[in-house]
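Structure first, then comments.
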Amino acid sequence: GLLYREQMVEWAYRIVDHFSIPRHTVGKAFTLLDRYFIHHPRYSVKTFRLVAVTCLFITAKLNHLRGSAHEPSSSSSSR
């Protein structure tokens, strides 16, 4: 349980570092993962992996969308 979680966190940090995603994404993703498993306490390793990857993807996507909403578009910056 706990050892596998630590391995998944380390894996997630390698992924976000590789793709230059902000590192706080991992913390947010695992907060989301914890909230999911509060309501689904029985799970397999396969399910844990799937939920961890999904939470990382969702969190990265939300962070990207929030960040791009505050950035000026290329057309408006050329004016």
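The values are calculated or read from the model by the stated rules, or taken from the named source; none is laboratory data. Treat the numbers as computed from the prediction; the structure is a model and nothing was measured. Note that each Cβ is placed from the backbone with ideal geometry, even for glycine, and that neighbours are counted across all protein chains shown. For the accessible areas, the whole protein counts, side chains as well, though only heavy atoms, and no ligand, DNA or RNA atoms are used. Shrake-Rupley method; radii C 1.70, N 1.55, O 1.52, S 1.80 Å.
Worth a mention:
- Subset of the stretch 17-41 (residues that are outside any helix (DSSP H, G or I) and either open to solvent by 80 Å² or more (accessible area, probe 1.4 Å) or hydroxyl-bearing (S, T, Y) (or both)): F19, S20, R23, H40, P41
- When the stretch 48-61 is limited to residues that are free of Cβ contacts under 8 Å to residues at least 24 places away in the same chain and farther than 15 Å from Q7 by Cα, the one that is least open to solvent (accessible area, probe 1.4 Å) turns out to be T54.
- Qualifying residue in the stretch 49-63 (condition: in a loop (DSSP other than H, G, I, E, B), modelled with pLDDT under 90 and polar (S, T, N, Q)): no
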